[in-house]
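Undergrad: So that we are looking at the same thing, I have put the structure below in structure tokens.
The values are calculated or read from the model by the stated rules, or taken from the named source; none is laboratory data. All values derive from a computational prediction rather than experimental measurement. Positions of Cβ are backbone-derived with ideal geometry, glycine not excepted, and every protein chain shown enters the neighbour counts.
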Amino acid sequence: MASVPFDQLDGFIWFNGEFVRWADAKVHVLTHGLHYASAVFEGERAYGGEIFKLTEHTERLHESARILGFRIPWTVEEIDEACRQLLVKQELQDAYVRPIAWRGSEMMGVSAQNNRINLAIAIWEWPSYFDPEQRLKGIRLDMAEYRRPDPKTAPSKSKAAGLYMICTLSKHAAEAKGYTDALMLDWRGRVAEATGANVFFVKDGVLHTPVPDCFLDGITRRTVIGLARRRGIEVVERAIMPEEMESFEQCFLCGTAAEVTPVSEIGPYTFQVGEIARLLMNDYANEVRPGQRMAAE
Ligand SMILES: Cc1ncc(COP(=O)(O)O)c(C=O)c1O
């Protein structure tokens, strides 16, 4: 199936305060963000015309920029409003929302103290990050060779473009071997996360998930923990060694794009698509839909 490249979709992009036609939302090749990955972004989803946890995402975007040493010259409220207006302008109800902020072209050395900070927002239809049929059976993950870096080595709390370099490499290596994604360990050799989603395991009715001390504490991760606790399911955040995966019964990934996706295999370890994974998959699907949300935590 031939697909239309992303720079040739239709509609509008919010670009530095204005709605421009999709094809005209361009940057110059001499852009600091492109050369040195001085860019931060968000991934959000709209369901039924409402962007789920919009303000939390926008606040994280601001915080990611602050960690990279720049300030986005629009407030959280202004960015929220721009996202909402763009969703209406794109005439979409269920969609993916991608704000990105980056350093511009005024300086092209490593130091770029005076570069303009740009902000763009694009919204498009992106139904399921993983193939829906595979999701129900549980996806298969390879063990990644790259590890999540020590927070002293990289600004791991920022959703910074540069941190995705090892994610793309790991996902490509996994796909080349027929897997859907890869599980990354952290710099200490502990279980960390997948290339674009957090990970949970189930054992004896209890959820176990790694402490997010060198990778994103995902907004979906926090939502799932709340949903599980509301169901009376115990959630333990702790250091998890890879060998422990042998004893886990179920596993799932979660993230804005991935939503809740059961996992059937990670390298040599296998898991069932069990009741808790399915329950949380459904609870999350209800939680994100306006009107179907369960009572607040
Ligand atoms: C590397 C990585 N970890 C975790 C997550 C999950 O974060 P969230 O649930 O906030 O989307 C994402 C997705 O944004 C991600 O890219």
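Undergrad: Residues to consider are 186, 150; find the one that is of a type in the set (Asp, Glu), touching a Lys or Arg at 6+ places or on another chain (Cβ under 9 Å) and buried (at least 16 other Cβ atoms within 10 Å of the Cβ). First the steps, then the outcome.
TA: Numbers: 150 fails: buried (at least 16 other Cβ atoms within 10 Å of the Cβ).
None of the other options fit; the residue is 186.
Undergrad: Among the residues in the range 267-282, are any within 16 Å of the ligand (Cβ to nearest atom), hydrophobic (A, V, I, L, M, F, W, C), surrounded by fewer than 21 Cβ atoms within 10 Å (Cβ to Cβ) and part of a helix (DSSP H, G or I)?
TA: Kept after step one, since they are within 16 Å of the ligand (Cβ to nearest atom), are these residues of the range 267-282: 280-281.
Next cut, hydrophobic (A, V, I, L, M, F, W, C) only: 280-281.
Still in the list and also surrounded by fewer than 21 Cβ atoms within 10 Å (Cβ to Cβ): 281.
Those still in the list that are part of a helix (DSSP H, G or I) too: 281.
Yes: one or more hits.
Undergrad: Looking only at residues in the range 132-147 that are at pLDDT 95 or above and crowded, with 17+ Cβ neighbours inside 10 Å, which one is nearest to residue 32 (Cα to Cα)? Give the derivation first.
TA: At the first step, the residues of the range 132-147 found to be at pLDDT 95 or above are 138-147.
Then keep just the ones that are crowded, with 17+ Cβ neighbours inside 10 Å; that gives 138-144, 147.
Numbers: 138: 40, 139: 37, 140: 37, 141: 34, 142: 33, 143: 33, 144: 29, 147: 26 Å.
It comes out as 147.
Undergrad: Taking the conditions exactly as written (within 16 Å of the ligand (Cβ to nearest atom) and either farther than 30 Å from residue 97 by Cα or assigned to a loop (DSSP other than H, G, I, E, B) (or both)), does residue 228 satisfy them or not?
TA: The answer is no for residue 228.
Undergrad: Only one of 254, 214 is within 18 Å of the chain's Cα centre (by Cα) and either surrounded by fewer than 20 Cβ atoms within 10 Å (Cβ to Cβ) or more than 27 Å from residue 133 (Cβ to Cβ) (or both); which?
TA: Working: 254 fails: either surrounded by fewer than 20 Cβ atoms within 10 Å (Cβ to Cβ) or more than 27 Å from residue 133 (Cβ to Cβ) (or both).
Selected residue: 214, the only one of 254, 214 that is within 18 Å of the chain's Cα centre (by Cα) and either surrounded by fewer than 20 Cβ atoms within 10 Å (Cβ to Cβ) or more than 27 Å from residue 133 (Cβ to Cβ) (or both).
Undergrad: Scan the range 220-250 for residues that are in contact (Cβ under 8 Å) with a residue 60 or more places away in the chain and under 19 Å from residue 282 (Cβ atoms) and jot them down.
TA: Pass one, the range 220-250, residues in contact (Cβ under 8 Å) with a residue 60 or more places away in the chain: 220, 223-224, 226-227, 229-230, 242.
Within the range 220-250, 220, 223, 224, 226, 227, 229, 230 qualify.
Undergrad: Is it true that residue 94 is surrounded by fewer than 18 Cβ atoms within 10 Å (Cβ to Cβ), in the same structural domain as residue 252 (by TED's automatic domain parsing) and acidic (Asp, Glu)? Quick ask: steps written out before the conclusion?
TA: Numbers: surrounded by fewer than 18 Cβ atoms within 10 Å (Cβ to Cβ): yes; in the same structural domain as residue 252 (by TED's automatic domain parsing): no; acidic (Asp, Glu): yes.
Judged against the criteria, residue 94 is not a match.
Undergrad: Shifting gears a bit: Can you tell me which condition residue 56 does not meet? The list is (1) in a helix (DSSP H, G or I); (2) away from the ligand (no atom under 16 Å from the Cβ), and all the others hold.
TA: Of everything listed in (1) in a helix (DSSP H, G or I); (2) away from the ligand (no atom under 16 Å from the Cβ), residue 56 misses just condition (2).
Undergrad: For the range 88-107, which residues satisfy the criterion of being of a type in the set (A, V, I, L, M, F, W, C) and either more than 23 Å from residue 62 (Cα to Cα) or assigned to a strand (DSSP E or B) (or both)? Break it down stepwise before answering.
TA: Step one: filter the range 88-107 for residues of a type in the set (A, V, I, L, M, F, W, C), giving 88, 92, 95, 97, 100-102, 107.
88, 92, 95, 97, 100, 101, 102 - these are the residues of the range 88-107 that are of a type in the set (A, V, I, L, M, F, W, C) and either more than 23 Å from residue 62 (Cα to Cα) or assigned to a strand (DSSP E or B) (or both).
Undergrad: Report, by residue number, each residue of the range 192-207 that is surrounded by fewer than 21 Cβ atoms within 10 Å (Cβ to Cβ) and in contact with a helix residue (DSSP H, G or I) (Cβ under 8 Å, 6 or more places away or on another chain).
TA: Step one: list which residues in the range 192-207 are surrounded by fewer than 21 Cβ atoms within 10 Å (Cβ to Cβ), which gives 196, 203-206.
Hits for the range 192-207 are 196, 203, 205.
Undergrad: Residue check: is residue 178 within 16 Å of the ligand (Cβ to nearest atom), assigned to a loop (DSSP other than H, G, I, E, B) and closer than 27 Å to residue 131 by Cβ? Lay out the reasoning, then the answer.
TA: Details: within 16 Å of the ligand (Cβ to nearest atom): no; assigned to a loop (DSSP other than H, G, I, E, B): yes; closer than 27 Å to residue 131 by Cβ: yes.
Taking the combined requirement at face value, the residue does not satisfy it.
Each row is one residue, and each column tells you yes or no for (1) in a helix (DSSP H, G or I); (2) in contact with a strand residue (DSSP E or B) (Cβ under 9 Å, 6 or more places away or on another chain).
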site	(1), (2)
69	no, no
83	yes, yes
86	yes, yes
130	no, yes
134	yes, yes
140	no, yes
